[in-house]
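Encoded as structure tokens, the structure appears first; notes follow it.
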Amino acid sequence: MMRKFISALISLYLTSAVAAQERVVNVYNWSDYIDPKVLTDFTKETGVKVVYDTYDSNETLETKLLAGKTGYDVVVPSAPFMQRQIQAGVYQKLDRAKLPNARGLSDEVMARMAAYDPGNQYAVNYMWYATGIAFNAKKAQQVFGRPIDSWEVIFKPENLKRFAECGVYVLDSPDDVLSASLRYLGLNPDSKKADEIRRAADALIKVKSSIKKFHSSEYINALANGDICLALAWAGDSFQARNRAREANNGVEIDFIIPREGALMSMDALAILKDAPHVEEAYAFIDYMMRPEVAAQNTNVTNYANSIPASQPFIDKTVLENKAIYPTEEVMKRLFTVSSNDLAVQKIITREWTRVKTGK
Ligand code: N2P
């Protein structure tokens, strides 16, 4: 009897020990989009282990989400994709009581997010940023000799040709690149018209011979180590490239501009999957990300702007005062957003993007 009781106690202890050990959250986020120290700090504080996996395109994330159970708890879609995924029933509604720190999100960003997630029911903003042009300052001076301030640098064939030799990468992201092309053509950057999307793709095809690669994460190192000299790129990644080059002390100086015609402003969201295996841990993780000091730490390392105003005292001055990361009111006016595509439009975009990349 006693023996049975003791062995029951032991097994109870073991089960709870295993359960305690097994507190886990599975996070699927963009590459180069967090301070790795935040993950270890989170585990130290909460005992929740983070299994962390990365991607570099919304299309990759969406394909996984629509294919069925992923095992992930928290994912980070860009707003227009998130909107479609909400409609597809991929996410669960958030219980705001479990996200006290999310009350610190700015009203402005909450309102912007609500355009994609009415009533802010399913997601909270993680970071936001502009898409523009990153370049190697010295190389650009040598091969171009004029200030880089316009989409004409990319979309005028005679311009981009000058950079072809020192290397050009373009984001493998139709939302980012086709909207820039539409803007360059003087069309609505959020156009859903098949003929306009085709014209935007054609403009890119005209400069394609000068583009070395379409890729959405390799350009950080490629810029930093001097392998390429120009990229159609995201702001945060471009400044990460700058910092990597400075750390390597290799003489490469990377700059980034928001073109004068205006550029895409995007927002990425933290959301919990409907079939998340670790919902409580997912809440703990998201709430931790919303803590002002933590949000600041992520901004300092990634060079992406967060939406927690109380984080600003903890943000490095060079980041906070960088107008391409935290744009002024005036620059903000030049930024545009894109809305979600319905499936028919998405199909056209996917087809046009394939035509850009493969010629078929
Ligand atoms: C981080 C990319 C985040 C911006 N490398 C694209 N959603």
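The table below gives the values:
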| quantity | calculated |
| --- | --- |
| Residue check for residue 60: over 21 Å from residue 337 (Cβ atoms), within 16 Å of the ligand (Cβ to nearest atom), open to solvent by 30 Å² or more (accessible area, probe 1.4 Å) and not charged (D, E, K, R) | yes |
| Helices (runs of 4 or more DSSP H) wholly inside region 287-360 containing at least 1 residues that are under 28 Å from residue 97 (Cβ atoms) and of a type in the set (Val, Ile, Thr) | 292-302 |
| Flag for residue 301 being of a type in the set (A, V, I, L, M, F, W, C) and more than 16 Å from the ligand (Cβ to nearest atom) | no |
| Any hit, region 25-48, residues being open to solvent by 20 Å² or more (accessible area, probe 1.4 Å), among the aliphatic types (A, V, I, L, M) and part of a strand (DSSP E or B) | no |
| Of residues in region 111-149 being open to solvent by 60 Å² or more (accessible area, probe 1.4 Å), in the same structural domain as residue 309 (by TED's automatic domain parsing) and more than 16 Å from the ligand (Cβ to nearest atom), the one nearest to residue 206 (Cα to Cα) | 115 |
| Answer residue from region 245-286, given it is in a helix (DSSP H, G or I) and among the β-branched types (Val, Ile, Thr) and is farthest from the ligand (Cβ to nearest atom) among those | 279 |
| Residue 152 modelled with pLDDT of 95 or more, closer than 24 Å to residue 237 by Cβ and surrounded by fewer than 17 Cβ atoms within 10 Å (Cβ to Cβ) | yes |
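Let's see how each residue does on (1) open to solvent by less than 60 Å² (accessible area, probe 1.4 Å); (2) within 16 Å of the ligand (Cβ to nearest atom):
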position	(1), (2)
196	yes, no
199	no, no
203	yes, no
210	yes, no
214	yes, yes
218	no, yes
221	no, yes
232	yes, yes
235	yes, yes
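The values are calculated or read from the model by the stated rules, or taken from the named source; none is laboratory data. The model shown is predicted, which means the values in this text are computed figures rather than measured ones. Note that we place each Cβ from the backbone using ideal geometry, even for glycine, and neighbour counts take in every protein chain shown. Note: areas computed on protein heavy atoms with side chains; ligands, DNA, RNA excluded. Shrake-Rupley method; radii C 1.70, N 1.55, O 1.52, S 1.80 Å.
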